[in-house]
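So the structure is just underneath, and the comments pick up after that.
The values are calculated or read from the model by the stated rules, or taken from the named source; none is laboratory data. These numbers come from a predicted model, not from an experiment. Here the Cβ positions follow ideal geometry from the backbone for every residue, glycine too, while neighbour counts run over all protein chains shown. When the accessible area is computed, the model is the full protein with side chains, heavy atoms only, and any ligands, DNA or RNA have been set aside. Shrake-Rupley method; radii C 1.70, N 1.55, O 1.52, S 1.80 Å.
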Amino acid sequence: MHKTILITGASSGIGEATARRFAQAGSRLILNARNTEKLTSLKKELEESYGTEVYLIPFDVRDFQSAEKAIGSIPETFRQIDVLVNNAGLALGVDKEFEGDMTDYETMIDTNIKALLKITQLVVPGMIARHTGHVINIGSIAGEKAYPGGSVYCATKAAVKALTDGLRMDLYDTPIRVTNVKPGLVETNFSVIRYHGDKQKADKVYSNVKPLTGTDIAEVIYFVAAAPPHVQISEIEILATHQASAQMVWRG
Ligand code: 8X3
């Protein structure tokens, strides 16, 4: 697919796997994350393995000024963004709503909701002007129904659903497509981050079950983007085979 793809949160997990999948397909990549070192080594790997052209925009998506500056200064050859993958996001904590850390709550709200909205605002007007584009937001099954210990994370993913649906309505008179990709149990560094670095607790989330991988989700994201221009996959939910909901996971 000879397109230009901007991916946020591209240094690990689903974002990194998505970068690799589009690189394999011959796309030009604009990659964002906070970790410049990881991004730089991913750029090197993708250039060497696939001959991909990669432009890096390292910044914290919560920093709107940096976002404006970085996206505003994308060089001419990368400027025609065809696909925006709003992937940057995280879960922090599993506490009861009335006991959790307010700073964690703010970080989730700022990253999963406000930053996604800001990046959308910075990229979509160009898509409208070029009469082409696709916004793919990474939601979650957590956005469908709350579960204990996840209320704020679930709220942010419910917001992603609303922002995705609203954007699709705002763009229905344009050729721009809008998709919500909603993964279930995916083994990435998601749970390590959620448990504030407690690897043992994180590993338990994926024990005795075969979870999805970032690569599985990247394949779906690629499929959604590669569909013919008249096909808009509005939402797609992906669960592990032994998973029936966020909480129902059969572990044998
Ligand atoms: C991640 C899926 O089930 O941990 O978005 O909330 S879950």
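Pick out the one residue from Ala240, Ala202, Ala218 that is closer than 16 Å to Gly13 by Cβ, open to solvent by less than 20 Å² (accessible area, probe 1.4 Å) and in a loop (DSSP other than H, G, I, E, B). Don't jump to the end; show me each part of the working.
Values: Ala202 fails: in a loop (DSSP other than H, G, I, E, B); Ala218 fails: in a loop (DSSP other than H, G, I, E, B).
Matching residue, one of Ala240, Ala202, Ala218: Ala240.
Kindly indicate whether Ile109 is within 28 Å of Lys210 (Cα to Cα), out of contact with any Lys or Arg (no Cβ under 6 Å at 6 or more places or on another chain) and surrounded by fewer than 18 Cβ atoms within 10 Å (Cβ to Cβ). I'd like the intermediate steps shown before the answer.
Working: within 28 Å of Lys210 (Cα to Cα): no; out of contact with any Lys or Arg (no Cβ under 6 Å at 6 or more places or on another chain): yes; surrounded by fewer than 18 Cβ atoms within 10 Å (Cβ to Cβ): yes.
When the stated conditions are applied, Ile109 does not pass them.
Based on what the data block shows, is Lys210 modelled with pLDDT of 95 or more, under 19 Å from Gly139 (Cα atoms) and outside any helix (DSSP H, G or I)?
no
Tell me, yes or no, whether the stretch 140-161 has at least one residue that is open to solvent by 60 Å² or more (accessible area, probe 1.4 Å) and assigned to a helix (DSSP H, G or I).
Taking the stretch 140-161 and keeping what is open to solvent by 60 Å² or more (accessible area, probe 1.4 Å), we get 144-146, 148.
Filter once more, keeping what is assigned to a helix (DSSP H, G or I): none.
The answer is no; no qualifying residue exists.
Residue-by-condition table, conditions (1) modelled with pLDDT of 95 or more; (2) surrounded by fewer than 20 Cβ atoms within 10 Å (Cβ to Cβ); (3) over 19 Å from Val124 (Cβ atoms):
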{"site": "Met1", "(1), (2), (3)": "no, yes, yes"}
{"site": "Leu42", "(1), (2), (3)": "yes, no, yes"}
{"site": "Pro58", "(1), (2), (3)": "yes, yes, yes"}
{"site": "Gln80", "(1), (2), (3)": "yes, yes, no"}
{"site": "Lys96", "(1), (2), (3)": "yes, yes, yes"}
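On the basis of being within 16 Å of the ligand (Cβ to nearest atom) and either under 21 Å from the mean Cα position of the chain (by Cα) or not acidic (Asp, Glu) (or both), does Val209 make the cut?
In short, yes.
Only residues that are under 22 Å from Asp216 (Cβ atoms) and away from the ligand (no atom under 13 Å from the Cβ): list them for the stretch 145-177, please.
Of everything in the stretch 145-177, those that are under 22 Å from Asp216 (Cβ atoms) and away from the ligand (no atom under 13 Å from the Cβ) turn out to be Thr164, Arg177.
Taking the stretch 26-40 on its own, how many of its residues are open to solvent by 20 Å² or more (accessible area, probe 1.4 Å) and not in a strand (DSSP E or B)?
7
For the stretch 98-144, give me each residue that is among the aliphatic types (A, V, I, L, M) and within 16 Å of the ligand (Cβ to nearest atom).
Met108, Ile109, Ile113, Leu116, Ile136, Ile138, Ile141, Ala142
When the residues of the stretch 188-199 are narrowed to those that are within 13 Å of the ligand (Cβ to nearest atom) and of a type outside the set (A, V, I, L, M), which ends up surrounded by the fewest Cβ atoms within 10 Å (Cβ to Cβ)? I'd like the intermediate steps shown before the answer.
Here is the first cut: in the stretch 188-199, the residues within 13 Å of the ligand (Cβ to nearest atom) are 188-195.
Then drop every residue that is not of a type outside the set (A, V, I, L, M), which leaves 188-191, 194-195.
Numbers: Thr188: 20, Asn189: 15, Phe190: 23, Ser191: 21, Arg194: 22, Tyr195: 19.
Residue satisfying both the conditions and the ranking: Asn189.
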